[in-house]
Structure formats: C-alpha cells, structure tokens
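Novice: One structure, as structure tokens, below. Some questions next.
The values are calculated or read from the model by the stated rules, or taken from the named source; none is laboratory data. Predicted model, so just to flag it, every value in this text is computed and none were measured. Glycine gets a Cβ as well: all are built from the backbone with ideal geometry, and neighbour counts include every protein chain shown.
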2 protein chains.
Amino acid sequence: MQTLETLQERIAAAFADSHFQQEPRKLYEPICYTLNLGGKRIRPLLVLLSCDLFGGDIEKAVYPAMGLEIFHNFTLLHDDIMDKALLRRGMATVHCKWNDNTAILSGDTMFVLAYEYVAKTDASLLPEVLFLFNDTARKVCEGQQYDMDFETLPDVSIDQYMMMIRLKTAVLIACSLKLGAVIAGADPLEANIIYDFGIELGLAFQLQDDYLDAFGDTKVFGKAIGGDILTNKKTYLYLKAFQSARGDDLIRLKRLYTTPGIPADEKTSQVIELYRKLGIDEFTRKEINQHHSRASFLFKELNIPDDRKKQLRTLARRMVGRKK
Amino acid sequence: MQTLETLQERIAAAFADSHFQQEPRKLYEPICYTLNLGGKRIRPLLVLLSCDLFGGDIEKAVYPAMGLEIFHNFTLLHDDIMDKALLRRGMATVHCKWNDNTAILSGDTMFVLAYEYVAKTDASLLPEVLFLFNDTARKVCEGQQYDMDFETLPDVSIDQYMMMIRLKTAVLIACSLKLGAVIAGADPLEANIIYDFGIELGLAFQLQDDYLDAFGDTKVFGKAIGGDILTNKKTYLYLKAFQSARGDDLIRLKRLYTTPGIPADEKTSQVIELYRKLGIDEFTRKEINQHHSRASFLFKELNIPDDRKKQLRTLARRMVGRKK
C-alpha cells in the first residue's frame, strides 16, 4: 500500500517530467500555464489510489491519471470563457491573460492531449478505458449545459440540481476511481461498485464546495467567501433557502438576490446570516452526510481487506470536510 | 468495387439513421443543425473508398468515417467562432444563430461524439486507429493556430503557408485514407503510402480552394468569389502575388490590400485582374498540378490492380479541379 503523500508526489513528478511546450508556442504556452497552476490533483490521485487498492501497478495508471487531470483542466479552461471568469486558482484565466480564441483552441488541444494520455494503457484495456472516458466526457459537457440552462431558468428543483452536479462533477470522480480499478484488473462488479461509490462521493464533494462558499473559513478554504452568493449562483444552498423560506424571510431573501447595488460585503453577510437562520448550514451538512454514508456503505461492499482501504477512506473524508 | 455514388448514399443514409438529438436540447440542437448542413462529406467518402480499395468491408468503416466527418464539422464550428464567420454553407453559423457559449460547448460535445464514432471499430485495431486520430486532431489544432498566427505576422513565406495547410487540411484527408486502409487490414506499408498520397492530395485540394476564391465560376463554385480577398486572407494566391509583384504592380497590390473603404466589388475585381496580370492563376495551377502529380506517383506505387483504383482516382481528380 502506498501513502497519499507518496502518490501525490508521484503525480507531481509525472507532471514535472512532461514537456507540454511545443510549437506553435501560442498554442502550447496557455496549456503549460494552465497545467502549472496546480490545484489539488484529486482526480489523478483517485486513479492511483483505486489502482493501488485493487492491487494494481500504479505505474500503469500514471499516464491515464494525468489524462483525466488534463481533461479536468480543459473543462475549467472552456468553462471560464463561458462564465467570463477572471481568476482561476488566484491567477488570471487563459481567456483574460490571452484571449477567447486562444482559450478555445488551447482547450481543444488539451482535450486531444487528455485522450493521448488516457490512451497510454495496455491495448487489451483500451476499448473499456476509451468507452469509460468518452461516456464521462460527454456527461461532463451535458452537465455544463444544464448548469448554464439553470442560470436563466426561473424554477430549478433540488432534484434537477443534483442531476446537474452528478453530470458535471460526480461522474469524473467516479470515472477516476473506475479507471484505476480497470487498470488494476479488478473484477467488473467491483469496478462498478467503486464507480457508484465515486458518484456519491462526488455529489458530497460538490455539496461541500457549495457549503464552503458560505460557511467556509477563508484562511483554510483559500478563496473568498460568498463568490456564489455575489453571482446569484443557484447552488444547493440557494435552492434550499428559497424552498425553506416563508413570509418575511422569503421577501428578504428575494430582495437580497434581486436588488441591484447592494455592497458585496453586505449582501454576502446578510445572505449568510439568513441562511443560518433558515438552518441551511444544517440541511446541507445533512445532505452531505447522507451521500457520504451511501458512499461508505458502497465502500464496505468492496471485497478488499479493511486495512487496504485506509488511504482512500482518508481522502474521501477530507473531500467531504470531515476530520475522520 | 463500389461506385462513388453508392458510397455517398451509404454515408448519407448513415447520417440520416443517426439520432444526435438528445437532452439537454440546447446542447444537441446546434449539433444536429451543424451535421444537417451537409457539405460534400469528402472525408467519410475517402474512408470508405480506401477501405473498399484495399478489399475491406465498408460496413466496418461507416462509423469511423462518420467520426471523421463529425470531427471536421467540430473544427469548422470552433473555427467559425474564432474567425467571427457569419455564414457556413450558406446558413447562419452556430455562434450567430445561438451564441459563443453554445458554439463552444456544442463543439466540445461533437469532439466527444467524433471519438465515440471513431472508436466503433474492432478492438484489435483500436490502438492504431486511436493513435492515428489523436495525432491528426492535434495537428489540425496546430494548423489552426498557425493560420491565426499568420493573420498578424507581417512576412509569411510560401513554405510556412504550405506547412500550415498541411496541418490544417491535408493531414485529415490523409488520415481518412489511412483509416480506411487500416480497417481493411491493409499492409502497413501500403497504409503509409496512401497516407502520403492523402497529404499531397490534401495540399492540392486546399490550393484548389484558394484558386477558386479568385478564379472560380460562382455558379459552379456555389459561394461568392473573393471572400479571401475581402478579408485580406494570406492564401497561396496572396503570398505568391506579393512575392512576384514588382514596381507599380507591387504598389498597386499593397494599396488594394491596405486602403480602407474600397467597395467590395471593386477591390475583388481589381485584385483578380492584377493576379491574372502577374500570372498567379498559372502559378497556382502549376503548384496544384505538381502536388497532384506527386499524389498520382504515390497512387501508382500501391500494389493494387489498376481497375480497382478507378473510383478513388476519379474523386481525387474532382478534388483538384480536373475533369479527367
């Protein structure tokens, strides 16, 4: 068994060893810039952890793991154009630092790179690996479309929101885990269980992201509080608040979200205060815990000695904001 | 041996039978719209022709052939955003009919669809097919970047231009032919010869496209004359004219391309007149014929009875504007 730290170092080394800089420079510079912004590299870590969990050789999973990370970064790059986002991981987004055309084309090229890395696997596994990756990539695109659709849709239900984050976020987490299992030669039933575990984990992970936007500790979280609130984003918190609020609370909530010109600090703190009053923090934690419990149940189903499961269990807990 | 017409009908039927419309509608509608715009479907036709040439079962090539056509249409969709093009095949481009975000994300989804269709091949062939497609897709992106770079580069040589159209256009023609050969189980040496044939054919095809912009018959060509001239596009004709012109001709050429406000008709007709005076039509035809001759030489190298080669030879001649 490898520790989380060892696997993280392996991924960092793999990215450091790769030379993405080629000609034409204007195409590959933004790709290097994007991949050097770092991030938590959770998806490739999940690939290696899962491969190791099923007794596979993690060296066979390193390139496909990188492929998923490159794919994830490609989706962020194109999403940032669509969302007109200025910052990504505290740095200028590619479309701001360069321009939209560069961001579109460098993104497309990263998508090809992702396929190149994912394809670096045993020929015998390629049909299954490619099917899994295609299915995942398509669903992520569909999730992003629903996310954009919801911006202008007056009534979005919590069920619709959960369906959207399943596509946009959870399937790639699930794909990462299944990919590691497939490369390790896991039993197909076990590979499907870890996929389903990944879906529940991914849902909890996204809800935790929503939660931290309002209730996170800025110092720990690393990004400013209230970004979702300021952009009127229909997160789980937002939808749950509108579903729960009655009378004066509902009027106040509507006013906070629709009145133009409220200073950012004031809007954020008042919405968070109202969220707390409505118990949205508790509702959200309950929902996170429910998905985490489902994930834990599936995790227990895996026919693997408990001591082998320690590393992945630890990472899963971290992803959903639990200490243990 | 199948006729060109039979193969064309097979491709048309395959697209007619495919149901690209799914949920979310806003994602898949632009994809259906794009794929229904038609076009000449040259790339899938080349796949089937090549597969048939090498004695393969064309039914095994239909889906991968569609994959290349979907990929080609994806590149046009994203190129149209970057070029701010208003029309494609006489209809509004996706980013005009919908918006940039829709065009970006529908394009990304088409790219996944392309991989899904290309992957519909025998598992034993998948590593080679996927390697070929990845290599092609990457080069097409690089070609598009060079094309954009050249817009603002003051001095572009004809060699640089040829390198760019090789990447942007010729490799996909070559890939189409090699893909058909690989699916037919052709000898790898033969598959490489038809790839090289495709490169020369693709170069001649793009030069013919440049030629027709100035010297085509509007009725036959189907699009207005002079689009490249009006957008100051650095085509083979433009670069050759600036290379050849001396004295007053050079001054006049520069003036036509740099003076703002010249009426479109006047600019087009005067540039074409000057091109003729400089012999650019003849230079270009000579260059086209040279690449076509190289293609023909490679085509003869193929160890296939001459009567089997008739259909592909006919299509190649049509692509470079020759009657026979």
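Novice: Find all pairs meeting these conditions: Cβ atoms under 6 angstrom apart; at least six residues apart or on different chains; first residue within the stretch A:254-268 and loosely packed, with under 15 Cβ neighbours inside 10 Å; second residue assigned to a helix (DSSP H, G or I).
Specialist: Short answer, once both residue conditions are applied: A:Ala264/A:Leu230.
Novice: Taking the criterion of being surrounded by fewer than 24 Cβ atoms within 10 Å (Cβ to Cβ), under 20 Å from the mean Cα position of the chain (by Cα) and closer than 30 Å to B:Met148 by Cβ, would at least one residue in the stretch A:117-127 satisfy it?
Specialist: yes
Novice: Can you find even one residue in the stretch A:7-25 that is crowded, with 18+ Cβ neighbours inside 10 Å, farther than 30 Å from A:Leu302 by Cα, touching a residue at least 24 places away in the same chain (Cβ under 8 Å) and within 13 Å of chain B (Cβ to nearest Cβ)?
Specialist: Scanning the stretch A:7-25 turns up no residue that is crowded, with 18+ Cβ neighbours inside 10 Å, farther than 30 Å from A:Leu302 by Cα, touching a residue at least 24 places away in the same chain (Cβ under 8 Å) and within 13 Å of chain B (Cβ to nearest Cβ).
Novice: Could you identify the single residue in A:Asp213, A:Asp209, A:Asp196, A:Asp228 that is farther than 19 Å from A:Thr268 by Cα, within 17 Å of the chain's Cα centre (by Cα) and buried (at least 16 other Cβ atoms within 10 Å of the Cβ)?
Specialist: Selected residue: A:Asp196, the only one of A:Asp213, A:Asp209, A:Asp196, A:Asp228 that is farther than 19 Å from A:Thr268 by Cα, within 17 Å of the chain's Cα centre (by Cα) and buried (at least 16 other Cβ atoms within 10 Å of the Cβ).
Novice: Now for a separate question. Which of the residues that make up the stretch A:84-107 are β-branched (Val, Ile, Thr) and part of a loop (DSSP other than H, G, I, E, B)?
Specialist: A:Thr93
Novice: Continuing with this model, one more query. Somewhere in the stretch B:113-133, is a residue acidic (Asp, Glu), more than 7 Å from every other protein chain (Cβ to nearest Cβ) and in a helix (DSSP H, G or I)?
Specialist: yes
Novice: Turning to a different aspect of this structure: Has the stretch B:98-112 got at least one residue that is away from chain A (no Cβ under 13 Å), touching a Gly at 6+ places or on another chain (Cβ under 9 Å) and not aromatic (Phe, Trp, Tyr)?
Specialist: No.
Novice: On to the next question. Sort through B:Met148, B:Met164 and tell me the only one that's under 28 Å from B:Lys84 (Cβ atoms), within 13 Å of chain A (Cβ to nearest Cβ), touching a Phe, Trp or Tyr at 6+ places or on another chain (Cβ under 6 Å) and crowded, with 17+ Cβ neighbours inside 10 Å.
Specialist: Going through B:Met148, B:Met164 in turn, just one is under 28 Å from B:Lys84 (Cβ atoms), within 13 Å of chain A (Cβ to nearest Cβ), touching a Phe, Trp or Tyr at 6+ places or on another chain (Cβ under 6 Å) and crowded, with 17+ Cβ neighbours inside 10 Å: B:Met164.
Novice: Now a separate question. For a quick check of your reading of the model, give me the residue pairs whose first member lies in the stretch A:178-198 and is in contact (Cβ under 8 Å) with a residue 24 or more places away in the chain and assigned to a helix (DSSP H, G or I), whose second is buried (at least 24 other Cβ atoms within 10 Å of the Cβ) and polar (S, T, N, Q), with beta-carbon atoms closer than 8 Å and at least 6 apart or on different chains.
Specialist: A:Lys178/A:Ser50; A:Leu179/A:Ser50; A:Gly180/A:Ser50; A:Ala181/A:Ser50; A:Ile194/A:Ser50; A:Gly198/A:Ser176
Novice: Follow-up question, since we're still on this one. How many of the residues in the stretch B:82-97 are within 11 Å of chain A (Cβ to nearest Cβ) and crowded, with 23+ Cβ neighbours inside 10 Å?
Specialist: Number satisfying all stated conditions: 1.
Novice: For a quick check of your reading of the model, give me the residue pairs whose first member lies in the stretch B:119-131 and is touching a residue at least 60 places away in the same chain (Cβ under 8 Å), whose second is outside any helix (DSSP H, G or I), with beta-carbon atoms closer than 8 Å and at least 6 apart or on different chains.
Specialist: Final answer for the pair search is B:Val129/B:Ala119; B:Val129/B:Thr121.
Novice: State yes or no: is A:Leu68 touching a Cys at 6+ places or on another chain (Cβ under 9 Å) and within 23 Å of A:Gly185 (Cβ to Cβ)?
Specialist: yes
Novice: Can I ask one more? Can you confirm whether the stretch B:139-158 contains a residue that is part of a helix (DSSP H, G or I) and out of contact with any helix residue (DSSP H, G or I) (no Cβ under 7 Å at 6 or more places or on another chain)?
Specialist: Checked against the condition, which is being part of a helix (DSSP H, G or I) and out of contact with any helix residue (DSSP H, G or I) (no Cβ under 7 Å at 6 or more places or on another chain), the stretch B:139-158 yields at least one hit.
Novice: Would you check if there is a residue in the stretch B:85-97 being out of contact with any Asp or Glu (no Cβ under 9 Å at 6 or more places or on another chain) and either within 15 Å of B:Leu27 (Cα to Cα) or hydroxyl-bearing (Ser, Thr, Tyr) (or both)?
Specialist: Within the stretch B:85-97, one or more residues are out of contact with any Asp or Glu (no Cβ under 9 Å at 6 or more places or on another chain) and either within 15 Å of B:Leu27 (Cα to Cα) or hydroxyl-bearing (Ser, Thr, Tyr) (or both).
Novice: Pairs please, first residue from the stretch B:35-49 and small (Gly, Ala, Ser), second anywhere and modelled with pLDDT under 95, Cβ atoms under 7 Å, 6+ apart in sequence or on different chains.
Specialist: The qualifying pairs are B:Gly38/B:Arg89; B:Gly39/B:Arg89.
Novice: Quick one: which helices (runs of 4 or more DSSP H) sit completely within the stretch A:220-285 and have at least 3 residues that are farther than 16 Å from A:Leu207 by Cβ and in contact with a Pro (Cβ under 7 Å, 6 or more places away or on another chain)?
Specialist: none
Novice: Moving to a separate point now. Looking at (1) within 11 Å of chain B (Cβ to nearest Cβ); (2) crowded, with 22+ Cβ neighbours inside 10 Å, which is the only condition A:Glu69 fails?
Specialist: Against the list (1) within 11 Å of chain B (Cβ to nearest Cβ); (2) crowded, with 22+ Cβ neighbours inside 10 Å, A:Glu69 comes up short only on (1).
Novice: Looking only at the stretch B:290-324, count every residue that is among the hydroxyl-bearing types (Ser, Thr, Tyr) and touching a His at 6+ places or on another chain (Cβ under 6 Å) and tell me the total.
Specialist: 0
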